[in-house]
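J.: This is the structure, below, for whatever I ask next.
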Amino acid sequence: MKTRKLGNSNLEVSTLGLGCMRMSFGDYPTEKSEMIDLLHKAVERGITFFDTAEVYGPFTNEELVGEALEPFKGEVVIATKFGFKHGENGPHPSVGVDSRPEQIRRVADESLKRLRVDVIDLFYQHRPDPEVPIEDVAGTVKNLIQEGKVKHFGLSESNADQIRRAHAVQPVTALQSEYSIWWTEIEENNVLATCEELGIGLVPYSPLGRGFLTGKITKETKFAENDIRSRNPRFTDEAIDANMAVVELLERIAKEKDGTPPKSRWPGCWPKNRGSCPSRVLANCIAWMRTMLRSILNSQRKT
């Protein structure tokens with residue numbers, strides 16, 4: 001497994017990270033023992049970057065990750081998040097956001113216990129809080145870093161202005177945002193360019209389009225009612241028909257390259273001139289795929 005540093009920081013992680021949310025939250029209830037085994041196997045295969053949050057569960061996902069990765073303390077990087085308001089049953093997106101300094105501190109202290117670590121490797125603001133100036137958020141995390149409770153500060157789904165203002169108070173190590181050929185808002189709203197300019201690492205989630213690019217999803221695929229994709233317009237019959245050109249393009253190129261299906265090799269289809277900045281790698285891949293798809297569509301129109 002290759003590694004890379006996130007932006008200009010010294011935080012080095014595996015190029016492939018593992019998001020742990022669905023192991024104990026929301027749509028996919030799973031057996032704890034199976035998930036611990038999965039996490040151990042991930043470490044054995046070279047993955048060192050794991051993502052969780054107090055809101056996943058709530059709390060149970062951090063507990064799972066903490067228990068599973070305790071034997072690998074010092075060998076792995078664990079990212080967790082703050083930023084949702086606590087209701088009667090703990091934090092939940094439906095309750096709203098809360099990034100008040102006292103709330104950030106409370107989350108940090110409790111997350112340290114659940115994760116069974118002495119310091120949080122990467123502490124993200126899960127979602128921006130319109131009621132709390134981002135400077136106050138960054139300042140609070142800066143203090144936590146100075147106190148030795150946190151190593152690195154991250155943001156998630158923030159806009160370019162919020163990123164700049166936070167970075168001026170405490171350097172932002174990473175931005176987490178959805179990014180794929182189907183979801184490119186961070187290009188259009190200047191977020192990607194801002195990260196590149198400031199030397200902030202981009203941690204994209206759902207880069208395979210929520211599984212679309214695996215090539216395993218067709219109109220015959222049926223999602224359970226509690227699967228988020230059952231409510232996502234991307235997975236209607238009409239959308240699947242319209243978007244299969246992306247999968248077919250990658251399948252064709254992968255087979256021409258070495259016969260390996262895109263689910264494991266699609267990054268190998270990126271063009272050679274893809275830039276050295278990690279935040280630009282996926283962007284160049286997406287831009288290249290768009291160019292290829294336009295070429296195919298134009299060719300089809302002529303015939």
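Let's see how each residue does on (1) among the aromatic types (F, W, Y); (2) part of a helix (DSSP H, G or I); (3) under 21 Å from Y179 (Cα atoms):
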residue	(1), (2), (3)
R210	no, no, yes
K216	no, no, yes
K219	no, no, no
A224	no, no, no
S230	no, yes, yes
A239	no, yes, yes
A242	no, yes, yes
V246	no, yes, yes
I253	no, yes, no
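J.: Hey, any hits in the stretch 34-45 for a residue that's farther than 24 Å from I228 by Cα, of a type in the set (D, E, K, R) and buried (at least 16 other Cβ atoms within 10 Å of the Cβ)?
T.: no
J.: Looking at the stretch 199-208, which of its residues are surrounded by fewer than 23 Cβ atoms within 10 Å (Cβ to Cβ) and part of a loop (DSSP other than H, G, I, E, B)?
T.: Going residue by residue through the stretch 199-208, those that are surrounded by fewer than 23 Cβ atoms within 10 Å (Cβ to Cβ) are 199, 204-208.
Hits for the stretch 199-208 are G199, S206, P207, L208.
J.: Kindly list, by first and then second residue, each pair from a residue in the stretch 215-237 that is more than 16 Å from E248 (Cβ to Cβ) to a residue that is surrounded by 11 or more Cβ atoms within 10 Å (Cβ to Cβ) and of a type in the set (S, T, Y), limited to pairs with Cβ atoms under 7 Å and residues at least 6 apart or on different chains.
T.: F223/S230; A224/S230
J.: Give G148, G90, G74 a once-over and let me know the one that is touching a Pro at 6+ places or on another chain (Cβ under 8 Å), more than 27 Å from T194 (Cβ to Cβ) and either modelled with pLDDT of 95 or more or not hydroxyl-bearing (S, T, Y) (or both).
T.: Details: G148 fails: touching a Pro at 6+ places or on another chain (Cβ under 8 Å); G74 fails: touching a Pro at 6+ places or on another chain (Cβ under 8 Å).
Residue meeting the stated conditions: G90.
J.: Would you say L198 is at pLDDT 90 or above, within 30 Å of V150 (Cα to Cα) and touching a His at 6+ places or on another chain (Cβ under 6 Å)?
T.: Working: at pLDDT 90 or above: yes; within 30 Å of V150 (Cα to Cα): yes; touching a His at 6+ places or on another chain (Cβ under 6 Å): yes.
Here the answer is yes, as L198 does meet what is asked.
J.: Check every one of the helices (runs of 4 or more DSSP H) wholly within the stretch 135-198 and list those with 2 or more residues that are in contact with a helix residue (DSSP H, G or I) (Cβ under 7 Å, 6 or more places away or on another chain), touching a residue at least 24 places away in the same chain (Cβ under 8 Å) and hydrophobic (A, V, I, L, M, F, W, C).
T.: Where helices (runs of 4 or more DSSP H) fall fully within the stretch 135-198 and carry at least 2 residues being in contact with a helix residue (DSSP H, G or I) (Cβ under 7 Å, 6 or more places away or on another chain), touching a residue at least 24 places away in the same chain (Cβ under 8 Å) and hydrophobic (A, V, I, L, M, F, W, C), they are 160-169, 191-198.
J.: Regarding R100, is this residue of a type outside the set (V, I, T), touching a Lys or Arg at 6+ places or on another chain (Cβ under 9 Å), surrounded by fewer than 20 Cβ atoms within 10 Å (Cβ to Cβ) and touching a residue at least 24 places away in the same chain (Cβ under 8 Å)?
T.: no
The values are calculated or read from the model by the stated rules, or taken from the named source; none is laboratory data. Because the structure is a prediction, the values reported are computed rather than measured. Please note: Cβ atoms are built from the backbone with ideal geometry, for glycine as well, and neighbour counts cover all protein chains shown.
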